[in-house]
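First the structure, in the form of structure tokens, and then the observations on it.
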Amino acid sequence: EAKAVAKLAHSNILEVYELGDHEGRPFMATELLEGETLRERLEGGSLGWQKATEIGAAIADGLGAAHEVGIIHRDLKPPNVSLTAAGRAKVLDFGLAKYEDAGAGKDVTQAPTITRHTDPGTVLGTLGYMSPEQVRGETVDQRSDIFSLGCVLYEMVSGQRAFTGDS
């Protein structure tokens, strides 16, 4: 996660100040975010289309910046979006991200996972927000994050999750 986020510098993504190791324990120092998660905000019901559009555009901007450098989030959902007291939406938790150096010349859809090695057919993410190809354990790309954003947008406007089943 730290390696992925450290490559990003965008106002809608959690800022990482330092990565290191202290007494054998890795750490990541990030900006302090005061506010609430989108999940907490949604506990009060739908946000209406205007607020949902504003927050959705900010999330899309952050994801776009990540995609430009070859990072696929793979776990976009309301708890992974912070709404700061200053009114900014920030994408958090790149722990399931996959990354490929954009300059390496490889197809981004074949990028390895950052924090762990996954085998074909391994499913990572949160049911109800994952794209169909992600649920099937297939290779994902930026479009999977866009699908997840659509699920989040739906929830912000309607006040309920787009997909609530067990499968």
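Residues in region 85-96 that are out of contact with any Asp or Glu (no Cβ under 7 Å at 6 or more places or on another chain), hydrophobic (A, V, I, L, M, F, W, C) and either assigned to a strand (DSSP E or B) or open to solvent by less than 20 Å² (accessible area, probe 1.4 Å) (or both): how many?
Our first condition is that a residue be out of contact with any Asp or Glu (no Cβ under 7 Å at 6 or more places or on another chain); within region 85-96, this holds for 86-92.
Now restrict to residues that are hydrophobic (A, V, I, L, M, F, W, C): 86, 89, 91-92.
Next cut, either assigned to a strand (DSSP E or B) or open to solvent by less than 20 Å² (accessible area, probe 1.4 Å) (or both) only: 89, 91.
Going through region 85-96 one residue at a time, the tally reaches 2.
Can you name the residue in region 14-64 that is over 16 Å from PRO78 (Cα atoms) and β-branched (Val, Ile, Thr) and, of all such residues, is most open to solvent (accessible area, probe 1.4 Å)?
THR30
Considering only region 69-78, how many residues are under 17 Å from GLU15 (Cα atoms) and either open to solvent by 10 Å² or more (accessible area, probe 1.4 Å) or assigned to a helix (DSSP H, G or I) (or both)?
Total satisfying the criteria: 1.
Taking the residues in region 131-167 that are under 14 Å from ILE59 (Cα atoms) and among the β-branched types (Val, Ile, Thr) as candidates, determine which candidate is least open to solvent (accessible area, probe 1.4 Å).
It comes out as VAL152.
Scan region 121-165 residue by residue and report those that are at pLDDT below 85, under 14 Å from the mean Cα position of the chain (by Cα) and of a type in the set (Val, Ile, Thr).
THR126 - this is the single residue of region 121-165 that is at pLDDT below 85, under 14 Å from the mean Cα position of the chain (by Cα) and of a type in the set (Val, Ile, Thr).
From (1) in contact with a strand residue (DSSP E or B) (Cβ under 6 Å, 6 or more places away or on another chain); (2) open to solvent by 60 Å² or more (accessible area, probe 1.4 Å), pick out the condition that doesn't hold for SER82.
Looking at each condition in turn, SER82 falls short on (2).
Here is a check on your reading of the model: is SER46 within 14 Å of VAL152 (Cα to Cα) and in a loop (DSSP other than H, G, I, E, B)? Let's see the steps before the verdict.
On the way: within 14 Å of VAL152 (Cα to Cα): yes; in a loop (DSSP other than H, G, I, E, B): yes.
The answer is yes for SER46.
The values are calculated or read from the model by the stated rules, or taken from the named source; none is laboratory data. Quick caveat: nothing in here was measured; it's all calculated off a predicted structure. Using ideal geometry, Cβ is built from the backbone for each residue, glycine included, and neighbour counts are taken over all protein chains shown. Calculation scope for accessible area: heavy atoms of the full protein, side chains included, ligands and nucleic acids excluded. Shrake-Rupley method; radii C 1.70, N 1.55, O 1.52, S 1.80 Å.
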